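Read through the structure below, which is laid out as structure tokens, and then see the notes.
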Amino acid sequence: MPRQGMRKKQRERAQAAKKVKKTELKETQGAPQSPKAVESRAADMEAVLAKGEANEKLFELANRPKVAINVAGSSLEVVQDRSTQEHSGGVVWETALFLLRYLERRVLPGLRAASKPRVVELGSGCGLLGLGLARLGCQVTLTDQLCALPNLQSNVEAAGTTAKVQALSWGDPSDVAAVCSQGPVDLVVGSDVVFAMRFVEPLLQTIEALLQGQTSGCCWLCLQRRDPDAHALLLQKAPETFTVEEFSFEGLAGLETACALECLLLKLTPKEAKGFSQLSLPVSKASKRRKK
């Protein structure tokens with residue numbers, strides 16, 4: 001979904017990042033490198049987030065063409081599309097990393113005991129969260145609006161995982177049905193997907209539809225309060241359809257920045273008595289098989 005209200009913020013982050021280049025060059029070990037050589041390297045996301053002031057950390061990450069993290073013993077790199085003006089998924093938002101690490105430690109160990117959980121990521125952007133989950137053994141479908149798919153698809157192919165990419169506009173019955181047709185969804189995830197009031201209800205309707213018929217399915221969201229009105233609406237509307245639980249990053253090593261940024265971590269579990277008719281989804285073949 002478009003994050004039009006955040007484009008200005010994204011541009012400001014990229015522009016302000018130029019101020020930290022000289023500092024980064026001084027910190028580089030070994031022979032001096034040119035600014036161009038430094039810019040071409042993938043930024044170690046967790047190393048960057050572990051130093052300096054929060055704003056400088058985010059500016060530095062936004063200015064890099066690629067960011068990298070370690071997942072399952074190997075490096076995962078994603079390319080950022082910093083030039084895009086059509087959407088704000090061209091840079092990796094830090095909440096993607098925070099949610100990945102939380103799920104890795106606190107949620108996936110229980111899910112993977114039975115089988116490979118099927119995960120759908122909403123608003124995937126560059127794909128860091130979804131690709132990280134794929135590396136951790138999940139069956140992942142990464143989704144976003146059409147204009148964000150070229151860079152996302154490129155990152156998925158470069159990562160060498162079994163993850164899939166699919167267009168999904170929140171609240172669009174056809175898009176949601178296409179994702180649902182691939183099989184039951186165990187987990188829906190999203191980072192920084194609450195940014196404008198007009199998208200809150202389509203987002204909730206989409207989560208609800210994706211989890212239709214799943215007795216143990218749930219959704220995890222990691223958010224920063226970028227639009228207070230949108231967050232208030234989410235917290236007002238979500239309990240109508242979901243049991244809403246708030247969790248904390250406190251006490252988790254390496255996630256101190258998530259606490260400093262006051263990131264909101266929510267688990268949404270569908271209420272059994274609630275219907276799923278708002279999107280008027282057609283019954284998929286997968287659903288028919290489950291009913292037999």
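Does segment 236-244 include one or more residues that are open to solvent by less than 10 Å² (accessible area, probe 1.4 Å), over 18 Å from the mean Cα position of the chain (by Cα) and not β-branched (Val, Ile, Thr)? Spell out how you get there, then give the answer.
Let us first name the residues in segment 236-244 that are open to solvent by less than 10 Å² (accessible area, probe 1.4 Å), namely 238, 242.
Of the ones still in play, those that are also over 18 Å from the mean Cα position of the chain (by Cα) are 238, 242.
With the extra rule that they be not β-branched (Val, Ile, Thr), the set shrinks to 238, 242.
Checked segment 236-244: at least one residue is open to solvent by less than 10 Å² (accessible area, probe 1.4 Å), over 18 Å from the mean Cα position of the chain (by Cα) and not β-branched (Val, Ile, Thr).
Tally the residues that are assigned to a loop (DSSP other than H, G, I, E, B), more than 23 Å from residue 200 (Cα to Cα) and aliphatic (A, V, I, L, M), restricting the search to segment 152-173.
In the first step, residues of segment 152-173 are kept if they are assigned to a loop (DSSP other than H, G, I, E, B); the result is 160-163, 168-172.
Okay, now just the ones that are also more than 23 Å from residue 200 (Cα to Cα), so 160-163.
This time we only want the ones that are aliphatic (A, V, I, L, M), so: 163.
Looking only at that region, the number is 1.
For segment 96-116: of the residues being touching a strand residue (DSSP E or B) at 6+ places or on another chain (Cβ under 7 Å) and surrounded by 24 or more Cβ atoms within 10 Å (Cβ to Cβ), which is nearest to residue 266 (Cα to Cα)?
My answer is 99.
Within segment 92-141, can you find the residues that are assigned to a loop (DSSP other than H, G, I, E, B) and basic (Lys, Arg)?
Residues of segment 92-141 that are assigned to a loop (DSSP other than H, G, I, E, B), as a first pass: 92-93, 112-117, 123-127, 136-138.
If the condition is that a residue be assigned to a loop (DSSP other than H, G, I, E, B) and basic (Lys, Arg), then 112, 116 are the ones that fit.
What residue, among those in segment 216-230 that are without any contact (Cβ under 8 Å) to a residue 40 or more places away in the chain and open to solvent by 10 Å² or more (accessible area, probe 1.4 Å), is nearest to residue 107 (Cα to Cα)? Quick ask: steps written out before the conclusion?
So in segment 216-230, the residues without any contact (Cβ under 8 Å) to a residue 40 or more places away in the chain come out as 216, 225, 228-230.
Then keep just the ones that are open to solvent by 10 Å² or more (accessible area, probe 1.4 Å); that gives 216, 225, 228-229.
Values: 216: 13, 225: 23, 228: 28, 229: 29 Å.
My answer is 216.
Does segment 34-59 hold any residues that are assigned to a helix (DSSP H, G or I), open to solvent by less than 20 Å² (accessible area, probe 1.4 Å) and at pLDDT 85 or above, and which are they?
Correct list: 45, 48, 49.
Within segment 60-91, take every residue that is in a loop (DSSP other than H, G, I, E, B), open to solvent by 20 Å² or more (accessible area, probe 1.4 Å) and of a type outside the set (S, T, N, Q) and give me the one that is nearest to residue 132 (Cα to Cα).
The qualifying residue nearest to residue 132 (Cα to Cα) is 72.
For segment 151-160, how many residues are modelled with pLDDT of 95 or more and open to solvent by 20 Å² or more (accessible area, probe 1.4 Å)?
Within segment 151-160, residues that are modelled with pLDDT of 95 or more and open to solvent by 20 Å² or more (accessible area, probe 1.4 Å) number 5.
The values are calculated or read from the model by the stated rules, or taken from the named source; none is laboratory data. Predicted model only: the values in this text are computed from it and were never measured. Ideal geometry is used to build each Cβ from the backbone, glycine not excepted, and the neighbour counts take in all protein chains shown. Protein only, heavy atoms only, side chains kept; ligands, DNA and RNA dropped before computing areas. Shrake-Rupley method; radii C 1.70, N 1.55, O 1.52, S 1.80 Å.
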